[in-house]
Amino acid sequence: MKDIPPLSHIPAFEAAARFESFIRAAKALGITSTAVSQHVRALENWLGTPLFVRKARGVQLTREGREFADSCQNALREIRDGAERVSPQNTKRKVGLACQPSVVSLWLTSRLPDFMERHPEIQVSIVYPFGATTPEEVGADLLIRHGTTPDRTAEKLLSAATRPTCAKSYLEKAGPLDGPVAIRDARLLHDETEDAWRLWFRQYGLELPGGNAPVFGDFNLLISSIQAGHGIGLCPTALIESDIASGNLVVLSEDAADTDKYYWLIGAHALSSDAELLRQWLRDQASV
């Protein structure tokens, strides 16, 4: 066997492994899915082992395919890093971070200048995740995702547990709001559905009151309404620590909902050294 496989097949295989889809790999590379399949087949013939299991609704990496994909991605990362170091045109090295707008506006924006000062040569490109479960799906290096246990290896970045929260101005007007009954009888604001409040009251044996309380389809809209003093909402306190510390927002109860949910940090299979720097910085910020 020759020492190095035909390099012309590597980009198609790497993309197919990254997406576990010939169709999505083809779109990313600007070629046809048939061409991707031919590159992969040629590589399998050269290596003498299957790299994918072909299924009716897609493909899945074999154990050998995953091992070879990791090697290819690490090698491509080294090539990319080397090109960035020697190219005079790349004075700014970009790292892509996919993140929900609420996490960006409430938690990340105020902290990001610290990373920029520490690493002036790195430019962070923040993109909307569009429901992605992996950073590769949106062309990013890192993904911060909200939910319960993710589908692949991830690490807990922040708790997403929510607690009843209102503006100081609303508390002064409607308070005191001591205890769940007082909170139930106040003006409630909902995020996407009424389920979160329903579960929160259930732990006290209370039913969610009826009425026409507004439901916000976007958390940024909910938090804006809370900050404006329009009522009480269930907020992930990890995202609003600065507002709590300043006294602008008040947490009315330490009893939480969504205690099984987190903001997860997920990295691409092959991270550049710059992306590793951002990942470690995010960890450090979350632990402060």
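The values are calculated or read from the model by the stated rules, or taken from the named source; none is laboratory data. All values reported here derive from a predicted model rather than from experimental measurement. Ideal geometry is used to build each Cβ from the backbone, glycine not excepted, and the neighbour counts take in all protein chains shown.
Is it fair to say Arg80 is surrounded by 13 or more Cβ atoms within 10 Å (Cβ to Cβ), of a type outside the set (Gly, Ala, Ser), in contact with a helix residue (DSSP H, G or I) (Cβ under 8 Å, 6 or more places away or on another chain) and under 26 Å from Ala275 (Cα atoms)? Spell out how you get there, then give the answer.
On the way: surrounded by 13 or more Cβ atoms within 10 Å (Cβ to Cβ): yes; of a type outside the set (Gly, Ala, Ser): yes; in contact with a helix residue (DSSP H, G or I) (Cβ under 8 Å, 6 or more places away or on another chain): no; under 26 Å from Ala275 (Cα atoms): yes.
Criteria not met by Arg80.
For the stretch 134-204, give me every one of the strands (runs of 3 or more DSSP E) that falls completely inside it and has 1 or more residues that are aliphatic (A, V, I, L, M) and under 27 Å from Glu276 (Cα atoms).
Working: elements: 142-147, 155-159, 162-167.
In the stretch 134-204, the matching strands (runs of 3 or more DSSP E) lie at 142-147, 155-159.
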Scan of the stretch 183-211 for residues that are surrounded by fewer than 14 Cβ atoms within 10 Å (Cβ to Cβ) and of a type in the set (Gly, Ala, Ser), ordered by number = Gly205, Gly210, Gly211
Kindly provide the set of residues from the stretch 49-69 that are in a loop (DSSP other than H, G, I, E, B) and surrounded by 14 or more Cβ atoms within 10 Å (Cβ to Cβ), ordered by number.
-> Pro50, Leu51, Thr62
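Check Ala275, Ala286, Ala245, Ala270 and return the single one that is free of Cβ contacts under 8 Å to residues at least 40 places away in the same chain and either under 18 Å from the mean Cα position of the chain (by Cα) or more than 24 Å from Glu194 (Cα to Cα) (or both). Show your work before the answer.
Values: Ala275 fails: free of Cβ contacts under 8 Å to residues at least 40 places away in the same chain; Ala286 fails: free of Cβ contacts under 8 Å to residues at least 40 places away in the same chain; Ala270 fails: free of Cβ contacts under 8 Å to residues at least 40 places away in the same chain.
When all the criteria are applied, what remains is Ala245.
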Residues (surrounded by 14 or more Cβ atoms within 10 Å (Cβ to Cβ) and assigned to a helix (DSSP H, G or I)) located in the stretch 242-260 = Asp243, Ile244
From (1) at pLDDT below 90; (2) not assigned by TED's automatic domain parsing to the domain that holds Val103, pick out the condition that doesn't hold for Asp151.
-> (2)
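Tell me whether the stretch 37-45 contains one or more residues that are closer than 14 Å to Gly58 by Cβ and not β-branched (Val, Ile, Thr).
As a first pass, look at the stretch 37-45 and keep what is closer than 14 Å to Gly58 by Cβ: 37, 40.
Then keep just the ones that are not β-branched (Val, Ile, Thr); that gives 37.
Yes, there is a match, as at least one residue in the stretch 37-45 is closer than 14 Å to Gly58 by Cβ and not β-branched (Val, Ile, Thr).
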Which of the residues that make up the stretch 5-28 are surrounded by fewer than 20 Cβ atoms within 10 Å (Cβ to Cβ), of a type in the set (A, V, I, L, M) and under 18 Å from Thr134 (Cα atoms)?
-> Ile23, Ala28
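Tell me, yes or no, whether the stretch 118-127 has at least one residue that is in a loop (DSSP other than H, G, I, E, B) and under 10 Å from the mean Cα position of the chain (by Cα). Walk me through how you get there before you give the answer.
Step one: list which residues in the stretch 118-127 are in a loop (DSSP other than H, G, I, E, B), which gives 119-121.
Imposing the further condition that a residue be under 10 Å from the mean Cα position of the chain (by Cα) reduces the set to none.
No, every residue in the stretch 118-127 fails to be in a loop (DSSP other than H, G, I, E, B) and under 10 Å from the mean Cα position of the chain (by Cα).
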If you take the residues in the stretch 94-117 that are of a type in the set (Gly, Ala, Ser) and either in a helix (DSSP H, G or I) or within 11 Å of the chain's Cα centre (by Cα) (or both), which one is surrounded by the most Cβ atoms within 10 Å (Cβ to Cβ)?
-> Ala98
